[in-house]
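What follows is a set of notes on a single structure, which appears directly below.
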Amino acid sequence: GGSMQPSAAVVMERAMRRLMGGIDRVVETVVIVLFGAMIAVGTAQVFNRYFLNVSLSWSEEFQRYGQIWLVFLAIPIAYRRGMHMGIEGLRPYLGETGRLWFARFIDALWLVLGGFIAAGTAQFLGVLSTQRSAGLNLPMNWVYMGVLIGALYMILIGIRRLAASFADDAAATSKSEG
């Protein structure tokens, strides 16, 4: 008996899952490292100020800009994990199909939100390309690039969730017909 090779669609799906999983791990790692760096810089600032009587001129700016990146990368992580507040009061009144379409509607709203944030930030980055931060001398478009990256990641997650929802629906339909 010969072994059956997986179909091209199965191979592609596995490759996409690995790619998406890799993207998820990279974003989560950036958030963890950034959070750790912000804690380390904040601790160093407190130590220097109160024990050495020296202030780090750049620490507050680092933490402020780090928080921009942290928040806008963490929002899509929480969305992907289903950890954002939802409209739960309506769900019990919806049937199974209603809940499915309601979840799709919410995912579509996340896509729209991500699109508006990405479009607005892209325009904003052009204006900021010639400006630099005072303390760290960073290009300001780098500072706000985290907003754009977070918005694009949010869009990617919305597409993934919607695609999975419709794929699950198609698989359930084909099983019931077969």
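The values are calculated or read from the model by the stated rules, or taken from the named source; none is laboratory data. For clarity, every value in this text was computed on a predicted model and none was experimentally measured. Note that we place each Cβ from the backbone using ideal geometry, even for glycine, and neighbour counts take in every protein chain shown. Note: areas computed on protein heavy atoms with side chains; ligands, DNA, RNA excluded. Shrake-Rupley method; radii C 1.70, N 1.55, O 1.52, S 1.80 Å.
The table for this structure:
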quantity	calculated
Accessible surface of the chain, 1.4 Å probe, proportion on carbon and sulfur as whole %	67
Translational diffusion coefficient (Stokes-Einstein; Kirkwood radius from C-alpha pairs) of the range 1-89 at 10 °C, 1.306 mPa s, in µm²/s	95
Rh by Kirkwood over Cα pairs, then Stokes-Einstein D for the chain at 1.306 mPa s and 10 °C, µm²/s	81
Per residue value of the accessible surface for the chain (all protein chains in place, 1.4 Å probe), Å²	66
Local electrostatic count at I77 - Lys and Arg +1, Asp and Glu -1, tallied over other residues with Cβ under 14 Å	+3
Cut-off under 5 Å, modelled amide H: who pairs with R132 long-range	M140
Whether the range 99-149 is rounded, prolate or oblate, judged on the alpha carbon gyration tensor where a/c under 1.5 counts as rounded	prolate
Contact order normalised by residue count of the chain, Cα under 8 Å, 6+ apart, percent	24
Net charge over other residues, Cβ less than 13 angstrom from the Cβ of I155 (K, R count +1; D, E count -1)	+2
